[in-house]
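The values are calculated or read from the model by the stated rules, or taken from the named source; none is laboratory data. Quick caveat: nothing in here was measured; it's all calculated off a predicted structure. FYI the Cβ positions are ideal-geometry reconstructions off the backbone, even for glycines, and counts take in every protein chain you see.
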């Protein structure tokens with residue numbers, strides 16, 4: 001059996017055409033098409049249900065309370081019944097006819113994964129602007145570096161079109177961080193060179209209908225994924241994001257303090273509490289938008305969450321002083337090491353307590 005996994009979010013104008021193109025392909029094996037919908041607001045799931053009534057080869061996974069591209073793909077792949085699994089987009093930029101070519105390649109080359117590359121010899125791109133094309137090329141270069149030489153012969157680590165042997169890849173798919181940037185990139189990162197991968201050139205077409213889902217959160221996810229891979233995934237991915245937001249908060253605090261001192265001629269002691277509160281509030285807002293966006297707080301919950309975040313963040317101020325003194329008196333007379341020890345303990349507290357108390361994650 002061949003399983004085709006298609007993640008969707010507000011693709012009602014595209015999904016019928018894509019499914020119909022897949023159903024008319026002549027496969028020698030049994031076929032199932034798994035649509036994983038992130039609770040679309042445009043009726044995508046209802047449209048798929050109508051199609052399911054006409055053809056039982058179509059399956060729908062309607063996700064409520066769960067979201068994210070990598071998460072949707074992972075769930076679809078784990079639910080797939082086929083020995084070979086195809087992953088492709090729902091926007092029409094991946095031509096279904098390339099599936100047969102990829103299947104022939106995976107059989108003839110005896111590899112575990114075949115991807116459709118936009119950047120290898122013979123590929124053509126119609127569906128990206130010049131800026132997006134340059135951005136994708138840069139992203140691929142950075143991805144190649146972050147993988148430490150694993151799979152450095154590939155040309156498109158950001159590919160959303162792939163065919164793989166489910167049995168071989170399953171153990172690595174189960175380890176994929178669902179908050180990751182790209183499913184294929186995350187699969188390569190966790191497999192550490194243990195998979196045999198080949199690529200075929202494809203025509204990357206223009207989107208049929210609708211708009212790209214690329215936004216600030218996607219760009220943020222990419223940089224977090226890179227950092228996570230560069231540090232060999234020794235700390236949780238969300239902790240990386242939380243730390244990066246915290247570093248932004250440092251600059252917010254410094255800017256706020258020096259701005260108030262310079263413009264209003266106030267003393268440092270007067271503006272310090274304001275700078276700390278502004279920085280902590282900015283950290284909460286950014287974390288709510290990016291780090292914990294799946295658990296994003298809105299409405300009254302947003303303001304209650306902000307209060308809890310400020311409360312959680314205020315406790316480590318005392319702890320920082322106590323831990324630093326403890327390091328200095330008991331473990332090291334080096335003031336720098338003592339301060340780093342205090343900062344590390346405070347960071348762990350802030351991340352763990354905020355995750356549980358504020359975002360319930």
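Take residue 268 and decide whether it is within 30 Å of residue 192 (Cα to Cα) and surrounded by fewer than 15 Cβ atoms within 10 Å (Cβ to Cβ). No.
Quick one: is residue 170 modelled with pLDDT of 95 or more and surrounded by 21 or more Cβ atoms within 10 Å (Cβ to Cβ)? The answer is no for residue 170.
Name the single residue that is surrounded by the fewest Cβ atoms within 10 Å (Cβ to Cβ) among those in segment 1-25 being touching a residue at least 60 places away in the same chain (Cβ under 8 Å) and assigned to a loop (DSSP other than H, G, I, E, B). First the steps, then the outcome.
Our first condition is that a residue be touching a residue at least 60 places away in the same chain (Cβ under 8 Å); within segment 1-25, this holds for 1-11, 13-15, 17-18, 21-22, 25.
Filter again for assigned to a loop (DSSP other than H, G, I, E, B), leaving 1, 9-11, 25.
Working: 1: 15, 9: 20, 10: 19, 11: 27, 25: 13.
My answer is 25.
Please verify whether residue 72 is surrounded by 15 or more Cβ atoms within 10 Å (Cβ to Cβ), under 23 Å from the mean Cα position of the chain (by Cα), assigned by TED's automatic domain parsing to the domain that holds residue 201 and closer than 24 Å to residue 205 by Cα, treating the condition exactly as stated. It is true that residue 72 is surrounded by 15 or more Cβ atoms within 10 Å (Cβ to Cβ), under 23 Å from the mean Cα position of the chain (by Cα), assigned by TED's automatic domain parsing to the domain that holds residue 201 and closer than 24 Å to residue 205 by Cα. Of all residues in segment 152-176, those that are free of Cβ contacts under 8 Å to residues at least 12 places away in the same chain and touching a strand residue (DSSP E or B) at 6+ places or on another chain (Cβ under 9 Å) total 1.
Test of understanding: among 113, 125, which residue is buried (at least 21 other Cβ atoms within 10 Å of the Cβ) and either at negative phi or in contact with a strand residue (DSSP E or B) (Cβ under 8 Å, 6 or more places away or on another chain) (or both)?
Details: 125 fails: buried (at least 21 other Cβ atoms within 10 Å of the Cβ).
Being buried (at least 21 other Cβ atoms within 10 Å of the Cβ) and either at negative phi or in contact with a strand residue (DSSP E or B) (Cβ under 8 Å, 6 or more places away or on another chain) (or both) holds for just one of 113, 125, which is 113.
Residue 313 meets the stated requirement of being at pLDDT 80 or above, within 15 Å of residue 359 (Cβ to Cβ) and buried (at least 17 other Cβ atoms within 10 Å of the Cβ).
For segment 79-91, a residue qualifies if it is crowded, with 18+ Cβ neighbours inside 10 Å and either within 17 Å of the chain's Cα centre (by Cα) or not in a strand (DSSP E or B) (or both), and the qualifying residues are 80, 82, 87, 88, 89, 90, 91.
Table: residues versus (1) part of a helix (DSSP H, G or I); (2) modelled with pLDDT under 95.
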position	(1), (2)
49	yes, no
65	no, yes
70	yes, yes
73	yes, no
77	yes, no
93	no, yes
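If you check 275, 305 for being surrounded by 13 or more Cβ atoms within 10 Å (Cβ to Cβ), within 23 Å of residue 217 (Cβ to Cβ), out of contact with any strand residue (DSSP E or B) (no Cβ under 9 Å at 6 or more places or on another chain) and not assigned by TED's automatic domain parsing to the domain that holds residue 178, only one passes: 305.
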